[in-house]
Amino acid sequence: MKNLLITTQATRSPEKDETQAPKVPRKFNWGWIFLISVLVGLSGGIRFWRDWQFNNLSRENREAPFALKELPRELGDWRVVDGSESTLEPDSAQIAGASDHLIRSYINEKSGASVVVIVIYGLATRVWPHTPDVCYPSTGFDAVPPTKDIDIPIPETTNQARFRVQQFAKFKAGLRDFRRVYHSFRNAGEWGLDMGRKWKSFRYHPGMYKVQIQAQAGSFDDSRDRESLERFIGQLVREIEKRDTRTT
C-alpha cells in the first residue's frame, strides 16, 4: 500500500502554483503615440503645401513673360532676313517643351555672314534636356571636335553669359553640311550649361529660356566674323534680360 501510494503521487500532474504573481498587461505610452501622429501629420501637410506651391509656380511660369517675337529685328550690324521667320511643328514644339519660340535668320550687313537664331521658352523640366549634342545627331549629324565653353560679355552690364560652342557635320552625296552651334540656357536669372545639375531649383524657378545660334558652312572662318557674332549674341541675351521681369 505504501508503494502504491508513492507511485500514485509521482504520476499526478503538477498543480498550478497559486503563489505565482499574475501577469500585468503592457501599458501603451499614449503621449508618445500622439506626438508621433502629430509629427507625421505635419510632415504630410507640409509636403502637400509645398507640392501645391510648386504646382502654382509652374502654372504661373508656364507662359513666357513676354512674346518672343518682340525681340529686336536689328541688333548692331545684324538684321533679320525678310521672310525668314518660321515656327516649329506642333509636335516638335511639344517635344522641345516650348510654350513660346522664335526662329529667325539674321544677316550681317557688313560681312554677309548669316545665322539661324532659335529662342525657346518653357518649363525647365522639359526644356533643359534638348541640347545640340542630342538634337543634331538625331538628324544625321556627327559631332566634330573641339567643343568649348566661352563667356560672352552682356552689354550694359558687368555680367557674362556662358555659352557652349559645338560643331557638327553631315556628309551626303558628296556634299558636306557643316554647322557651328552656340547655345545656352537661362534659369533663375542666370545663364549657364549642364542645367540637369540644377534640377532641384526648377521647383522654385520653373521657367527656362534656351538660346541657340547656328552658323552655316563657310561662315565665321575669320576671327572678326566670330567676334561680331559673339557681340550679337551678347546683345540678344541683353534684350531677353531687359524683358524678363520675373527673374531680374
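The values are calculated or read from the model by the stated rules, or taken from the named source; none is laboratory data. Owing to the predicted nature of the structure, the values given are computational and were not obtained by experimental measurement. Note that each Cβ is placed from the backbone with ideal geometry, even for glycine, and that neighbours are counted across all protein chains shown.
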Among (1) buried (at least 21 other Cβ atoms within 10 Å of the Cβ); (2) among the aliphatic types (A, V, I, L, M); (3) in contact with a Lys or Arg (Cβ under 7 Å, 6 or more places away or on another chain) - the single one I213 does not satisfy:
(3)
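Each row is one residue, and each column tells you yes or no for (1) at pLDDT below 90; (2) within 12 Å of the chain's Cα centre (by Cα); (3) assigned to a helix (DSSP H, G or I); (4) surrounded by fewer than 16 Cβ atoms within 10 Å (Cβ to Cβ).
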| residue | (1), (2), (3), (4) |
| --- | --- |
| W199 | yes, yes, yes, yes |
| F202 | yes, yes, yes, no |
| G218 | yes, no, no, yes |
| S228 | no, no, yes, no |
Failed item in (1) loosely packed, with under 15 Cβ neighbours inside 10 Å; (2) over 17 Å from the mean Cα position of the chain (by Cα), with P129 passing the rest:
(2)
Matching residues in region 152-168 - criterion: being surrounded by 13 or more Cβ atoms within 10 Å (Cβ to Cβ) and either farther than 26 Å from Y209 by Cα or of a type in the set (D, E, K, R) (or both):
R162, R164
Which of the residues that make up region 197-210 are of a type outside the set (K, R) and within 17 Å of I120 (Cα to Cα)?
F202, H205, P206, G207, M208, Y209
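Looking only at region 68-109, which residues are acidic (D, E) and either surrounded by fewer than 15 Cβ atoms within 10 Å (Cβ to Cβ) or out of contact with any helix residue (DSSP H, G or I) (no Cβ under 9 Å at 6 or more places or on another chain) (or both)?
E70, E74, D82, E85, E89, D91, E109 - these are the residues of region 68-109 that are acidic (D, E) and either surrounded by fewer than 15 Cβ atoms within 10 Å (Cβ to Cβ) or out of contact with any helix residue (DSSP H, G or I) (no Cβ under 9 Å at 6 or more places or on another chain) (or both).
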Can you list residue pairs whose Cβ atoms sit under 8 Å apart, with the first residue in region 231-244 being free of Cβ contacts under 8 Å to residues at least 40 places away in the same chain and the second being part of a helix (DSSP H, G or I)? Count only pairs 6 or more apart in sequence or on different chains.
none
All but one of (1) of a type in the set (G, A, S); (2) at pLDDT 75 or above; (3) under 16 Å from the mean Cα position of the chain (by Cα) hold for A67; which doesn't?
(3)
